[in-house]
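Quick notes on the structure that follows.
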């Protein structure tokens, strides 16, 4: 798809305005003396003056900046003039506080301009970093093909990165690989679908779907843009949730543990489906790992946009989270901090992955880093104890400014059977030990570990319960957003300093 085709298909009709100034190729390149002729031919064939088109338009009524590559101009390659056009657009987007959407289609660096062209990737990456450092969204849509230095710079720096189905995406071109190694590059590696499987991109979507995905993402990512203060939370309806221990039914801890393990109990995936107004799934660490048990997404509960991360109890028959899952979660934490979005962490886990791979993959270290990140994160944080909360994996997602628990959610140092085995050599005493350890939501509220308990009723249907949880989450998110950031961090650290004292 040509650059202007993508722009026309993605933006609101008639809203496009080009930022491009006429290009003068002062540097004709020391390598190929026919470069000037190649440039003239590329202009005639493509109708463009360079391989990059920049400008602004509206997307679902929201102003955005775009940088779109066009492969028909010298294979979408990037030279000095092209890089200058990119940086000028990124600077302008940053100055005007606009989200930046980039869509490369490129074979990489322009060989005719030599090493100087190669070094342009540095200033392009710096321009993207400056845009992100300003707290502005940067979205990437990789088209067929995206290769070389373009992929290894602005192509892989998106807060959210999607790709065209079947797109060829890779660092080293197959022809170059074969020339250097004397054998063909393995098939199926440099494809959008393979990158998705390995957690390197968030989605594989056709150009016709790009508009919807980008609108949904920006609906969450720009929810605070232009607001001097977030909306005040509406008072919760009586009986919806409570901060009073006396109002939480005094039921045995084992009742909650049994209910939380019921395979029919709704989890994070159902919560997003029922209670969130907008959901944009994210995928993987962006560094070659993806854990199916960790769900990461952008979401909006009412007037509160957020990054959501947590255990997906439906994944592979309840697969446990391993170290890659926590690295994925920490990607979500960084995203929240960079964009000033609140973070919602969901605890609903029977425990961490127990395996040689988990140990050698650094599970303990990832738990420690997750705890350190959550306690010091610049973004507002809310934790929801939705169901099971066993062991270090539950602890890794627990620290937050505000902690909400479903009435039958619980937190325990180990699954109760394991704790009973350690203390009594008798797993059958699990119910007795769970009661004594104070694992129930009622006990967690009493001990200051939880701030609010969402009521659950015998006559509950799943959707009704989830809608109540979503309403409470919106309320808590809007509350923490209104607290001064320095005060919020100080209160969070003090909270965990005094637990148990």
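The values are calculated or read from the model by the stated rules, or taken from the named source; none is laboratory data. Values in this document were obtained by computation on a predicted structure and should not be read as measured data. Note that we place each Cβ from the backbone using ideal geometry, even for glycine, and neighbour counts take in every protein chain shown.
Considering only residues of the range 259-280 that are in contact with a helix residue (DSSP H, G or I) (Cβ under 9 Å, 6 or more places away or on another chain) and more than 17 Å from residue 404 (Cβ to Cβ), which is surrounded by the fewest Cβ atoms within 10 Å (Cβ to Cβ)? The extreme case among them is 264. Of the residues in the range 362-380, at least one is within 25 Å of residue 483 (Cα to Cα), touching a strand residue (DSSP E or B) at 6+ places or on another chain (Cβ under 6 Å) and assigned by TED's automatic domain parsing to the domain that holds residue 479. Restricting attention to the range 117-135, the residues that are within 21 Å of residue 163 (Cα to Cα) and touching a residue at least 60 places away in the same chain (Cβ under 8 Å) add up to 1. Take the residues in the range 471-483 that are over 17 Å from residue 385 (Cβ atoms) and surrounded by fewer than 22 Cβ atoms within 10 Å (Cβ to Cβ), then tell me which one is modelled with the lowest pLDDT. Step by step, filter the range 471-483, then rank; the result is 482.
Of all residues in the range 415-432, how many are closer than 22 Å to residue 453 by Cα and either surrounded by fewer than 24 Cβ atoms within 10 Å (Cβ to Cβ) or not assigned by TED's automatic domain parsing to the domain that holds residue 308 (or both)?
First, pick out the residues of the range 415-432 that are closer than 22 Å to residue 453 by Cα: 415-416, 431.
Now drop any that are not either surrounded by fewer than 24 Cβ atoms within 10 Å (Cβ to Cβ) or not assigned by TED's automatic domain parsing to the domain that holds residue 308 (or both), which leaves 415, 431.
Result for the range 415-432: 2.
Residue 486: in contact with a strand residue (DSSP E or B) (Cβ under 9 Å, 6 or more places away or on another chain), in the same structural domain as residue 352 (by TED's automatic domain parsing), modelled with pLDDT of 95 or more and in a helix (DSSP H, G or I), yes or no?
Values: in contact with a strand residue (DSSP E or B) (Cβ under 9 Å, 6 or more places away or on another chain): no; in the same structural domain as residue 352 (by TED's automatic domain parsing): yes; modelled with pLDDT of 95 or more: yes; in a helix (DSSP H, G or I): yes.
When the stated conditions are applied, residue 486 does not pass them.
On the stretch given as the range 471-501, residues that are touching a residue at least 24 places away in the same chain (Cβ under 8 Å) and either touching a helix residue (DSSP H, G or I) at 6+ places or on another chain (Cβ under 9 Å) or under 16 Å from residue 382 (Cα atoms) (or both) total 21.
For residue 321, the conditions (1) more than 29 Å from residue 244 (Cβ to Cβ); (2) touching a strand residue (DSSP E or B) at 6+ places or on another chain (Cβ under 7 Å); (3) modelled with pLDDT of 95 or more are fulfilled apart from (3).
So, residue 468, is that one touching a helix residue (DSSP H, G or I) at 6+ places or on another chain (Cβ under 8 Å) and buried (at least 17 other Cβ atoms within 10 Å of the Cβ) or not? No.
Conditions (1) surrounded by fewer than 17 Cβ atoms within 10 Å (Cβ to Cβ); (2) touching a residue at least 60 places away in the same chain (Cβ under 8 Å), marked per residue:
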position	(1), (2)
8	yes, no
35	no, yes
41	yes, no
52	no, no
55	no, no
59	no, yes
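Consider residue 66 carefully, then state whether it is in contact with a strand residue (DSSP E or B) (Cβ under 8 Å, 6 or more places away or on another chain) and assigned to a helix (DSSP H, G or I). Criteria not met by residue 66. Taken over the range 242-263, residues that are in contact (Cβ under 8 Å) with a residue 12 or more places away in the chain and under 29 Å from the mean Cα position of the chain (by Cα) amount to 2. Looking across the range 190-219, the residues that are touching a helix residue (DSSP H, G or I) at 6+ places or on another chain (Cβ under 9 Å) and either loosely packed, with under 15 Cβ neighbours inside 10 Å or part of a helix (DSSP H, G or I) (or both) come down to 207, 208, 210, 211, 214.
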